[in-house]
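Let me begin by presenting the structure, written as structure tokens, before commenting on it.
Derivation of every value follows stated rules applied to the coordinates shown; laboratory data play no part. Predicted model, so just to flag it, every value in this text is computed and none were measured. Note that each Cβ is placed from the backbone with ideal geometry, even for glycine, and that neighbours are counted across all protein chains shown.
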Amino acid sequence: MKISPALKKNLGFALKLLIAVGIIAFLFRNPREIFECFRHFRFRYLAPAMICYGAHIFVCAWRWRELAKIIGVRLKPLEAVSLTFQGNLFSLVIPGGAIGGDVVKMGAVTRRSATGSKAEGAFTVLMDRIIGMIALFTLELAILVPALPLLMNVSVPEMSLSPGAKKFGILLLALLAVAGLAASCVIFFHRTIEKLPFFGGLMRKSDVLTHGTVSRLTAATDTYSASWRKLALLVVVSIFFVHLMTVAPMFFLLLGLGIECSVFHVIVAVTIGNIIGLIPLFPGGLGGRDVAAITLLAAAGVAPADAKTAQLLYTALILLFSLLGALFMICDPGRALASSHNPGEPSPDGKGD
């Protein structure tokens, strides 16, 4: 009996979701200790946590719009915000995780792009992902050496970790960052790749089959390469106002629990948690991010119950902002704005004005 690819994908996603739920259920198997910590939570710290987390999503939307501008793709501010929220929603609820959310954004921006620029519109989503990855892995490499004492202090309940095993884990984190940077930057060396017999021939054949789409995308890549100063600025902005902005909510949640923890230790816990969350095994990072962040906060001296409570609140915050994407999908200001791309002509979704 053959199983269709769609069914396989859905079964795989269901399995990942089951793993994530299982991990979270195991971490919070003692609800009494979580309830005791939560009972003393000072809710005034919830507002700055929500503002900081929400702010990073708006910065992501701004970054995407700036990247689109470089290659002449028009993206309205409200449209960029709407599709960014929708992408976050679909990262959680469809197979493929964060990449699945990007595919949805690609499809949406392609429908809304003018004829002749649809491929470039989808390419902006890929470039936005690349810039975000470069920023995340650069941040990881920057904090890894100063974080060595904390990482060597990591312990796992009911498991004995030797110093050698911890060093091996740290090495894996470093290799992951280097590999991630290499994979993110390889697109900018496409002219060199074209000179290789196999890849060059493959690209030329693909260009013919796609009626010149490959040539248009390589030209767009050359435009991005020529704008390297702008890309470098966006990487720096992403480090401070996207990735470090996701650290701030955890810091405020810990303060709400009455926990004073080193800012640097919180940066390490959240950043490495976000990187572990990229592993495709975890839908939207759920499960993997929680384990990593709780383990590192505990290594920094935070009581396990407090670390779990803070991470539970943080995960609830992520889910809340992801689910807001459903409101944008229902209202979808971007769909209304799409009709203004070519006044007097049919809108990109095929409907008339």
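A few comments on the model shown:
- Farthest toward the positive end of the dipole of segment 45-334, out of Ala68, Ser215, Ser322, is the Cα of Ser215, where the dipole comes from beta carbon charges about the Cα centre.
- Potential extension, Arg44-Ala303 segment - 0.36 nm per residue separation minus Cα distance: 91.1 nm
- Net charge, Ala232 excluded, C-beta distance under 14 Å - Lys, Arg +1, Asp, Glu -1: +2
- In Hz, Karplus ³J(HN,Hα) per residue of segment 44-57 (6.51, -1.76, 1.60; θ = phi - 60°; x = Gly, Pro): 5, 7, 6, 4, x, 5, 5, 4, 5, 5, x, 4, 5, 5
- Compared with the alpha-carbon gap, the fully stretched path from Phe240 to Val178 is longer by 20.3 nm at 0.36 nm per residue.
- Working ranking of peptides 317-323, 52-58, 191-197 by packing, defined as the average number of other Cβ atoms within 10 Å per residue, highest first, is 52-58, 317-323, 191-197.
- C-alpha long axis of helix 304-331 to longest principal axis of the chain, angle in °: 30 degrees
- Full-extension gain in nm, Ser262 to Ala219, via 0.36 nm per residue minus C-alpha separation: 10.9 nm
- Computed label-point distance, nm, for sites Ser206 and Leu18 using a 7 Å Cα→Cβ extension: 3.5 nm
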